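Structure record follows, encoded as structure tokens.
The values are calculated or read from the model by the stated rules, or taken from the named source; none is laboratory data. Source: prediction; values computed, not measured. Here the Cβ positions follow ideal geometry from the backbone for every residue, glycine too, while neighbour counts run over all protein chains shown. The protein model used for the area step is the full one, side chains on, heavy atoms only, and it has no ligands, DNA or RNA in it. Shrake-Rupley method; radii C 1.70, N 1.55, O 1.52, S 1.80 Å.
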Amino acid sequence: MLFRSSHDGRDSWLYGTSHVGRREWLMPGRTVMGAMMQSDKLALELNVLDPEVSKSLAQGMKARDDAPELSAALAARLELQREKACAQDIAPLRPDAQVVALQALAGRPLGVYPDYGVDMMLAGMAAGLRKPVVGLETPELQVALLVAPRPAEVATVVRRGLDELEDPATRRVALRLAEHWAASDLAAIENFAQWCGCLESEAERQAHQAGVLARNPAMAERIATLHQRGARVFAAVGALHMTGPE
């Protein structure tokens, strides 16, 4: 999932990543390592090494005083999912942020973990190589994409997310996507909409548009700007951003 762009006598690279993985996938091969070594800086969706970024994310995910309480039934469903995921530490987060965290953990029973996500490994590698890490997006933008835009919509977002978590197919989709990434199967990832079963309703398609496709132009422009300023950039973004005409 590695592409090279050459312009003005310099190469930059664009790498499609998986945000979950297995321990045996962590060490990149020679091609990826070579590109990292030749680059001047690493560009990730977010600069996860910046304490201010982590602080902003935490601020955006914390419980809001103006959000209405969940119904008892919805709160009980959320509690059950926290118990199943051994994730009681996320209870202080706002409910819709808890669902986001639980979705990231959904693949663990099938052996894929966010702890082994490629982006974090690359950030650690860049730190070891003393290469600067820059973010292509702001934490405020990512929080806005992940949680309900208005307090009144929190319950709807939580209910939709819990419906997905309670469906065994959700875990299988996470596993299949990660395995296609590990196999460098770009064709299968490009056909994600045909086999995931997750883009069938209008709400699901709108969420995919906002969460994936609509983010691409600004990230691409940021990468181009970094390159034009003289840097050889190794840019790493989720593999789904690498598919289709957008």
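Got a sec? Which of A104, A97, A76 is under 30 Å from E166 (Cβ atoms), open to solvent by less than 80 Å² (accessible area, probe 1.4 Å) and free of Cβ contacts under 8 Å to residues at least 24 places away in the same chain?
None of the others qualify; the one that does is A76.
Just for the stretch 55-68: of the residues that are within 22 Å of G117 (Cα to Cα) and free of Cβ contacts under 8 Å to residues at least 60 places away in the same chain, which one is most open to solvent (accessible area, probe 1.4 Å)?
K55
Determine, yes or no, whether L199 is in contact with a Lys or Arg (Cβ under 6 Å, 6 or more places away or on another chain) and farther than 11 Å from A43 by Cβ.
yes
Among residues belonging to the stretch 226-241 that are open to solvent by 30 Å² or more (accessible area, probe 1.4 Å) and part of a helix (DSSP H, G or I), point out the one that is farthest from L162 (Cα to Cα).
Only one residue tops the list, namely Q228.
Looking at the stretch 159-170 only, could you name the residues that are at pLDDT 90 or above and under 24 Å from E45 (Cβ atoms)?
Those that are at pLDDT 90 or above and under 24 Å from E45 (Cβ atoms): R160, G161, E164, L165.
For the stretch 17-40, name all the residues that are free of Cβ contacts under 8 Å to residues at least 12 places away in the same chain and open to solvent by less than 30 Å² (accessible area, probe 1.4 Å).
Of everything in the stretch 17-40, just one residue is free of Cβ contacts under 8 Å to residues at least 12 places away in the same chain and open to solvent by less than 30 Å² (accessible area, probe 1.4 Å), namely G34.
One residue is enough: does the stretch 111-134 have a residue meeting the conditions within 27 Å of R64 (Cβ to Cβ) and assigned to a helix (DSSP H, G or I)?
Yes, the stretch 111-134 has at least one match.
Tell me which residues, restricted to the stretch 42-73, are outside any loop (DSSP other than H, G, I, E, B) and either within 26 Å of G244 (Cβ to Cβ) or out of contact with any helix residue (DSSP H, G or I) (no Cβ under 7 Å at 6 or more places or on another chain) (or both).
L42, A43, L44, P51, E52, S54, K55, A58, Q59, K62, A72, A73
Given (1) touching a residue at least 40 places away in the same chain (Cβ under 8 Å); (2) surrounded by fewer than 19 Cβ atoms within 10 Å (Cβ to Cβ); (3) among the aliphatic types (A, V, I, L, M), identify the lone condition not met by A87.
Condition not satisfied by A87: (1).
State the number of residues belonging to the stretch 161-203 that are touching a residue at least 12 places away in the same chain (Cβ under 8 Å) and of a type in the set (S, T, N, Q).
Qualifying residue count, the stretch 161-203: 2.
With respect to T138, determine if the residue is among the polar types (S, T, N, Q), within 21 Å of L93 (Cβ to Cβ) and surrounded by 16 or more Cβ atoms within 10 Å (Cβ to Cβ).
No.
State the number of residues belonging to the stretch 79-104 that are out of contact with any helix residue (DSSP H, G or I) (no Cβ under 6 Å at 6 or more places or on another chain) and assigned to a helix (DSSP H, G or I).
Of the residues in the stretch 79-104, 6 are out of contact with any helix residue (DSSP H, G or I) (no Cβ under 6 Å at 6 or more places or on another chain) and assigned to a helix (DSSP H, G or I).
Would you point out the residue of the stretch 129-153, among those that are charged (D, E, K, R) and more than 13 Å from the chain's Cα centre (by Cα), that is nearest to L226 (Cα to Cα)?
K131
Given the residues V173, V143, V158, which is the only one that is farther than 28 Å from P245 by Cα and either among the charged types (D, E, K, R) or assigned to a helix (DSSP H, G or I) (or both)?
Result: V158 is the single residue among V173, V143, V158 that is farther than 28 Å from P245 by Cα and either among the charged types (D, E, K, R) or assigned to a helix (DSSP H, G or I) (or both).
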